[in-house]
Amino acid sequence: PRPHPTLRVRPLTCTETRRGDQQVVHSLGDGAVHVSAARHDATFGFSAVFDAGASQEAVFEGSGMRQLVELAMDGFSCTVFAFGQTGSGKTYTLMGPLGQSETQPASPALLGLMQRSFTCLLEQSRSRASDLALSASYLEIYNEQVRDLLSPGPPCALSLRWSKTRGFYVENQLSVEFESLEAIVSLLLQGSQRRRTSAHALNRHSSRSHALLTVHVRSRAVSAHPAPGQGWGAQGSARGACPSKQGTLCFVDLAGSERVKETGSSGELSVEANSINRSLLALGHCISLLAKPRGKRTHIPYRDSKLTRLLARSLGGSGVTLMVACISPSSHCLSETLSTLHYASRAQRVTTKP
Ligand code: ADP
Ligand code: MG
């Protein structure tokens with residue numbers, strides 16, 4: 001199937017309202033969204049559009065997220081990624097208004113796609129007859145380095161390798177088993193904390209890295225189905241007669257897509273900006289090549305960035321992808337909003353064969 005392109009328009013923030021920003025994005029219903037400003041007038045189509053009034057629950061139910069969770073349980077590689085400029089609502093959509101303080105957890109109504117998916121996954125796994133094993137890994141890509149957000153101690157770079165059976169994979173990444181909602185939410189908090197801690201030292205680090213949380217679903221089916229040809233390797237054969245399948249559900253919080261001004265940024269910041277631009281460009285490039293009709297496709301340059309290597313399977317191969325484009329409705333963000341909308345429209349034409 002095609003990736004479901006979903007658009008979320010966040011409400012105007014207090015700052016935007018106080019500044020007197022115009023609202024330039026309007027939802028027309030039926031997945032159409034209209035952008036109108038002085039010299040711009042364009043309509044874009046999505047499979048679903050959520051505007052300022054949409055609740056977190058509405059986004060979960062209306063984006064196809066629930067189906068994605070079910071596909072992961074059936075052994076598919078599923079990926080949801082949120083993209084858009086810094087401040088457009090990516091993290092809010094995925095996790096809700098996370099941890100302003102640990103003592104005051106977010107209200108259940110504000111929980112994001114991730115917590116809702118975990119709940120759904122755990123409920124399903126309890127109700128299914130098959131025996132399921134769930135584990136999670138959490139990585140970030142910062143300055144083209146892959147780092148483990150779950151392993152204790154200062155972050156160290158992990159190697160990204162390729163093998164015939166597994167495709168691209170991260171060597172020595174930590175994978176932690178979990179059986180309850182509390183356990184996985186606590187892993188999520190720990191990991192995003194590690195991202196956030198460096199934010200103070202490194203100027204908005206959190207939006208300067210891509211974060212990927214992957215839930216691995218291993219099922220030992222009761223009825224004998226053959227495994228869907230995924231790299232199960234040694235663990236699989238160790239179970240002997242028990243046929244099994246492994247699905248994944250990966251949540252990607254991409255770094256802000258805004259163009260970083262060449263001037264003024266120096267040293268560390270320009271390195272950051274370059275690696276973000278490079279990986280988002282590589283992703284956009286792969287997406288636009290994948291959008292060509294199958295017969296006309298050339299080589300897809302997944303190797304151009306760590307991000308595209310890690311997403312290779314879900315983008316082009318056997319995966320199912322849900323993309324959530326996030327934008328601000330403000331006139332102030334117009335050019336970034338248009339670029340996000342164009343990026344998302346290109347991505348819509350990609351088809352995969354799970
Ligand atoms: P990003 O991750 O894209 O940089 P955030 O998710 O951090 O952006 O959102 C920026 C700000 O806007 C945050 O203060 C967040 O709480 C707020 N926000 C984003 N989306 C919404 C929404 N749908 N409803 C209410 N507030 C939102
Ligand atoms: Mg964010």
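Every number in this text was worked out from the coordinates using simple rules, so none of it is lab data. Quick caveat, the model's predicted, so the values are computed rather than measured. So basically every Cβ, Gly included, is an ideal-geometry build from the backbone, and we count neighbours across all protein chains shown.
Go ahead and run the numbers for FRET between Glu123 and Asn172, Cβ-Cβ distance against an R0 of 41 Å, rounding to 0.05.
Rounded to the nearest 0.05, the efficiency is 0.80.
Classify the range 31-82: rounded, prolate or oblate, from the alpha-carbon gyration tensor (a ≥ b ≥ c, eigenvalue square roots; a/c under 1.5 rounded; otherwise prolate if a/b is larger than b/c)?
prolate
Need one number: nm distance between label points at Trp162 and Gln22, each 7 Å from Cα along Cα→Cβ, rounded to one decimal.
Taking the simple label geometry, Trp162 and Gln22 are separated by 4.8 nm.
What is the fewest-to-most order of Thr119, Thr15, Thr308 by other Cβ atoms lying within 10 Å of their Cβ?
Numbers: Thr119 17, Thr15 11, Thr308 24.
If I rank by nearby Cβ atoms, fewest first, I get Thr15, Thr119, Thr308.
Can you flag which of Lys164/Lys245; Lys164/Lys292; Lys164/Lys296; Lys90/Lys164; Lys90/Lys306 are past 28 Å Cα-Cα? Don't skip to the answer; put the middle values down first.
Numbers: Lys164/Lys245 18 Å; Lys164/Lys292 26 Å; Lys164/Lys296 25 Å; Lys90/Lys164 34 Å; Lys90/Lys306 20 Å.
Violating the 28 Å Cα-Cα cut-off are Lys90/Lys164.
Please rank Met65, Met95, fewest neighbouring Cβ atoms within 10 Å first, as an exposure proxy.
Met65, Met95
Using 0.36 nm times the number of residues separating Asp51 and Ala32, minus their current alpha carbon distance, what extension gain do you get?
Stretched fully, the Asp51-Ala32 segment lengthens by 5.7 nm.
Amide H to amide H under 5 Å from Ser77: which residues, 5+ apart in sequence or cross-chain, H placed 1.01 Å off N in plane?
Thr248, Val320
If Lys and Arg each add +1 and Asp and Glu each add -1, what is the summed charge of the other residues whose beta carbon sits under 9 Å from the beta carbon of Gly89? Don't skip to the answer; put the middle values down first.
Values: positive: Arg8, Arg10, Lys90; negative: none.
Net charge around Gly89: +3.
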